[in-house]
Amino acid sequence: GETIGIFGGGQLGRMIAMAAAQLGYRCHIYAPEADSIAAEVSAAFTCANWDDGAAMAAFAAQCAVVTYEFENVPVAPLASVGDVPLLPHPRALETAQDRLSEKRFVTDLGGTPAPFAPVDSTQDLADAVAAIGAPGILKTRREGYDGKGQWRIGTPEDARTLDLPDQPLIYEGFVTFFAEFSVILCRGADGDVRFFDSAHNVHESGILATSTVPAPAAMLEQVPAARALAAKVAEALDYVGVLTLEFFATENGPVFNEMAPRVHNSGHWTIEGAITSQFENHVRAICGLPLGGTGMAAKGAQMRNLIGDEAHDWPAILADPANHLHLYGKAAARPGRKMGHVTRLTLD
Ligand code: ATP
Ligand code: MG
Ligand code: MG
């Protein structure tokens, strides 16, 4: 089989590599750490740091195609990948890395994010709060995940007293929503677009806790409009692979939150719960193969993240025949760290 290169060594890369192995591909993992959890199921290629273009070139030379599981891969050194196909195209990465550029991009395509304004100073923040109102959330434009790099602004007074971090920020109005959901699609090299069922996502402390399909009816009513936007995003980026858009379901319809140019935690239920998993379809797409069915393979599924060092009784979880346990092989459990997940299928 041919070799797929993956930038990033986390659980998403690990699960892509496992799906790729089933299809006869070998994966090489590019990450600063040699013993990444993705490299445990594939071959490791250690780089000194993410900005090392020469290392990227040497890595790509071993691969038939290169993809990424980590959305903060620096874009500039990616030019070193040269003629080896890099999918999804780096423009998707570039757009999604910056909350300001992704919101502008989606707005231009007719989507509706929360009202937003870039913030680079305390004066900008005061102006943004005056224009948009409070409450709202101040976020770092880059590199935030699991709710990190976010500050709740309850009042204009909060905005005056907050010590701003020295990096580009964005202020967003607080969205009143009755549910959160994601649209996960896969676009093939031939432009074929397939959507997975949209899960109802519940977050706790800014971290995804559960994703459940089928979602409640009131939420599902908003999925067609959200899918139409996601399809436009995919077309505009000439996207190949799995793409995720997160939405708030509100009284006024779906409000775009953010996009991820990759497989997504809210799609882990597809491993057992869909005809083809998000990981397998991503591999099929980047390898130029036909996509697999994205319909449900069970009546329902609920994915629950295993977070932090909470003790779990694995035999008890496995004693339920509807449960599937996934452990990522991470060494030390830190608070808030995603250690694995359990998917429970609804079987009749
Ligand atoms: P991820 O791990 O999904 O990449 P992230 O760190 O990029 O997370 P967001 O998705 O921006 O963070 O926010 C995390 C959660 O915080 C959201 O899923 C939502 O529950 C809440 N949240 C974020 N922005 C808003 C908003 N403008 N209004 C209301 N709730 C919000
Ligand atoms: Mg995010
Ligand atoms: Mg998010």
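In the range 207-252, how many are in contact (Cβ under 8 Å) with a residue 60 or more places away in the chain and part of a strand (DSSP E or B)? Selection size over the range 207-252: 16.
For the range 174-186, state whether one or more residues are away from ligand 3 (no atom under 16 Å from the Cβ) and surrounded by 14 or more Cβ atoms within 10 Å (Cβ to Cβ).
Step one: of the range 174-186, the residues away from ligand 3 (no atom under 16 Å from the Cβ) are 176, 178, 185-186.
Restricting the remaining residues to those that are surrounded by 14 or more Cβ atoms within 10 Å (Cβ to Cβ) gives 185-186.
Yes, the range 174-186 contains at least one residue that is away from ligand 3 (no atom under 16 Å from the Cβ) and surrounded by 14 or more Cβ atoms within 10 Å (Cβ to Cβ).
Close contacts from the range 320-348, counting a first residue that is assigned by TED's automatic domain parsing to the domain that holds Ile307 and a second that is buried (at least 19 other Cβ atoms within 10 Å of the Cβ) and hydroxyl-bearing (Ser, Thr, Tyr), with Cβ to Cβ under 8 Å and a gap of 6+ residues or different chains, come to Asn323/Thr343; His324/Thr343; His326/Thr343. The condition (being in the same structural domain as Tyr239 (by TED's automatic domain parsing), of a type outside the set (A, V, I, L, M) and modelled with pLDDT of 95 or more) is satisfied by just one residue among Arg152, Arg141, Arg187: Arg187. Any residue that is modelled with pLDDT of 95 or more, of a type in the set (D, E, K, R) and not in a loop (DSSP other than H, G, I, E, B) - is there at least one of those in the range 291-310? Scanning the range 291-310 turns up at least one residue that is modelled with pLDDT of 95 or more, of a type in the set (D, E, K, R) and not in a loop (DSSP other than H, G, I, E, B). Taking the condition within 16 Å of ligand 2 (Cβ to nearest atom), within 15 Å of Thr343 (Cβ to Cβ) and among the hydroxyl-bearing types (Ser, Thr, Tyr), does Ser277 pass? In short, no. Residues in the range 180-201 that are more than 11 Å from Ala249 (Cβ to Cβ) and hydrophobic (A, V, I, L, M, F, W, C): Val183, Ile184, Leu185, Cys186, Ala189, Val193, Phe195, Phe196, Ala199. Each residue in the range 327-348 was checked for being modelled with pLDDT of 95 or more, farther than 16 Å from Glu310 by Cβ and of a type outside the set (S, T, N, Q), and 2 pass. Looking at the structure I just gave you, is Glu143 surrounded by fewer than 16 Cβ atoms within 10 Å (Cβ to Cβ), among the acidic types (Asp, Glu), within 16 Å of ligand 2 (Cβ to nearest atom) and in contact (Cβ under 8 Å) with a residue 60 or more places away in the chain? Judged against the criteria, Glu143 is a match. Taking each residue of the range 280-299 that is in contact (Cβ under 8 Å) with a residue 12 or more places away in the chain and within 18 Å of Asp197 (Cβ to Cβ) and looking for partners that are part of a strand (DSSP E or B) and hydroxyl-bearing (Ser, Thr, Tyr) with beta-carbon atoms closer than 8 Å, six or more apart or interchain, yields His282/Thr67; Ala298/Thr346; Lys299/Thr346. Taken over the range 253-279, the residue count meeting the criterion of being in contact with a Leu (Cβ under 7 Å, 6 or more places away or on another chain), crowded, with 24+ Cβ neighbours inside 10 Å and in a helix (DSSP H, G or I) is 2.
The values are calculated or read from the model by the stated rules, or taken from the named source; none is laboratory data. Since the structure is predicted, the reported quantities are computational estimates derived from the model, not experimental observations. Cβ sites come from the backbone with ideal geometry, for glycine too, and all protein chains shown count toward neighbours.
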